[in-house]
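> Could you have a look at this structure, given as structure tokens, before my questions?
The values are calculated or read from the model by the stated rules, or taken from the named source; none is laboratory data. Just so it is clear, the model here is predicted, and its values are computed rather than measured. Cβ: placed from backbone, ideal geometry, glycine included. Neighbour counts: every protein chain shown. Protein only, heavy atoms only, side chains kept; ligands, DNA and RNA dropped before computing areas. Shrake-Rupley method; radii C 1.70, N 1.55, O 1.52, S 1.80 Å.
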Amino acid sequence: MIAFVRGEVAAVTLTSAVLEVGGVGLELMCTPGTLATLRVGREARLPTSMVVREDSLTVFGFLDEDEKQVFEIAQTASGVGPKVAQAIVAVMSPDDVRRAIAAEDVKALTRVPGIGQKGAQRIILELKDRIGPPTGGAHAVAAPHAGEPWRAQVQQGLVGLGWSAKESEKAVDAVADQAGDAPDVGALLRAALRTLSRA
């Protein structure tokens, strides 16, 4: 349907971005890692996947084609809808998902909000032959600016995924030492989610 969207970023919220395409503002639901790479007023090109329901039409935007592919394949597992599929690509890189499924790593998949032990086992069983081996592609995207803005982005991402502001702040503090000179918001978000899943 809509394979990708290219246009000027008109707005970025906690869970979505609005891209202006031919005078129309198109809202794309995105993971915090993807949103962290967007800047209002700059042009962006995002691969997209459209989910049509009886009462809604939702367009999801992704960092790259690999993330989009994993999102779409994840939904072919029974019990996995677009929300859970998006949570999977928010918490894990595409290759992390492939590795977890290949290694039958139930624990890795249960770190994703909305996936329990049984759900993880079902995903492994149903996707093992479909998802393919890790591609070895680098998936880390550094946020364009160094400094502290990453903290707010990671915290907003965690709140958007359903954690409380207090839990999110704690998790951000726990991963602050991993930020370095060029904080990778996606990687820091995944690390923060791991600390929350252990808590």
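> Since Val18 meets every condition but one in (1) under 16 Å from the mean Cα position of the chain (by Cα); (2) closer than 21 Å to Gln153 by Cα; (3) not in a loop (DSSP other than H, G, I, E, B), which condition does it not meet?
(1)
> Find all pairs meeting these conditions: Cβ atoms under 7 angstrom apart; at least six residues apart or on different chains; first residue within the stretch 152-176 and under 19 Å from Met29 (Cα atoms) and of a type outside the set (S, T, N, Q); second residue open to solvent by 40 Å² or more (accessible area, probe 1.4 Å) and assigned to a helix (DSSP H, G or I).
From the stretch 152-176, the pairs are Val159/Ala165.
> Moving on to the next point. Out of curiosity, is Lys118 at pLDDT 90 or above, more than 16 Å from the chain's Cα centre (by Cα) and under 14 Å from Ala74 (Cβ atoms)?
Numbers: at pLDDT 90 or above: yes; more than 16 Å from the chain's Cα centre (by Cα): yes; under 14 Å from Ala74 (Cβ atoms): no.
No, not satisfied.
> Residue by residue through the stretch 64-90, note down the ones that are over 20 Å from Gln117 (Cβ atoms), open to solvent by less than 30 Å² (accessible area, probe 1.4 Å) and either touching a Cys at 6+ places or on another chain (Cβ under 7 Å) or not in a helix (DSSP H, G or I) (or both).
None - no residue of the stretch 64-90 is over 20 Å from Gln117 (Cβ atoms), open to solvent by less than 30 Å² (accessible area, probe 1.4 Å) and either touching a Cys at 6+ places or on another chain (Cβ under 7 Å) or not in a helix (DSSP H, G or I) (or both), so the list stays empty.
> Are there any pairs with C-beta distances below 6 angstrom linking a residue in the stretch 85-101 that is closer than 25 Å to Thr58 by Cβ to a residue that is of a type in the set (Asp, Glu) and open to solvent by 10 Å² or more (accessible area, probe 1.4 Å), with the two at least 6 apart or on different chains, and if so which?
From residues that are closer than 25 Å to Thr58 by Cβ, the pairs are Pro94/Asp66.
> The conditions are (1) within 24 Å of Arg111 (Cα to Cα); (2) part of a loop (DSSP other than H, G, I, E, B), and Met1 fails exactly one of them. Which is it?
Among (1) within 24 Å of Arg111 (Cα to Cα); (2) part of a loop (DSSP other than H, G, I, E, B), Met1 violates only (1).
> From the residues in the stretch 25-40 that are modelled with pLDDT under 95 and over 19 Å from Val91 (Cβ atoms), which one is most open to solvent (accessible area, probe 1.4 Å)?
Top of the filtered list is Val40.
> Now for a separate question. Kindly indicate whether Lys128 is over 17 Å from Asp96 (Cα atoms), over 17 Å from the mean Cα position of the chain (by Cα) and at pLDDT 75 or above.
So Lys128 fails the test.
> Moving on. Tell me which residues, restricted to the stretch 91-112, are out of contact with any Pro (no Cβ under 6 Å at 6 or more places or on another chain) and part of a helix (DSSP H, G or I).
Scanning the stretch 91-112 gives Val91, Pro94, Asp96, Val97, Ala100, Ile101, Ala102, Val106, Lys107, Ala108, Leu109.
> So, in the stretch 158-189, exactly how many residues are in a helix (DSSP H, G or I) and either of a type in the set (A, V, I, L, M) or under 14 Å from Leu35 (Cα atoms) (or both)?
14
> Right, here's the next one. Do you know which residues across the stretch 91-104 are surrounded by fewer than 19 Cβ atoms within 10 Å (Cβ to Cβ) and in contact with a helix residue (DSSP H, G or I) (Cβ under 7 Å, 6 or more places away or on another chain)?
Glu104
> Name the single residue that is surrounded by the most Cβ atoms within 10 Å (Cβ to Cβ) among those in the stretch 145-185 being in contact with a Ser or Thr (Cβ under 9 Å, 6 or more places away or on another chain) and over 15 Å from Arg111 (Cβ atoms).
The qualifying residue surrounded by the most Cβ atoms within 10 Å (Cβ to Cβ) is Val154.
> Right, another one. In the stretch 50-74, how many residues are of a type outside the set (A, V, I, L, M, F, W, C) and out of contact with any strand residue (DSSP E or B) (no Cβ under 8 Å at 6 or more places or on another chain)? Let's see the steps before the verdict.
The initial filter retains those residues of the stretch 50-74 that are of a type outside the set (A, V, I, L, M, F, W, C), namely 53-56, 58, 61, 64-69, 72.
Among the residues that remain, those that are also out of contact with any strand residue (DSSP E or B) (no Cβ under 8 Å at 6 or more places or on another chain) are: 53-56, 66, 69.
Summing the residues that are of a type outside the set (A, V, I, L, M, F, W, C) and out of contact with any strand residue (DSSP E or B) (no Cβ under 8 Å at 6 or more places or on another chain) in the stretch 50-74 gives 6.
> Residue under question is Arg45, and the condition is that it be open to solvent by 60 Å² or more (accessible area, probe 1.4 Å), in a strand (DSSP E or B) and within 24 Å of Asp184 (Cα to Cα); does it hold? Full working, then the answer.
Values: open to solvent by 60 Å² or more (accessible area, probe 1.4 Å): yes; in a strand (DSSP E or B): yes; within 24 Å of Asp184 (Cα to Cα): yes.
So Arg45 fits the description; yes.
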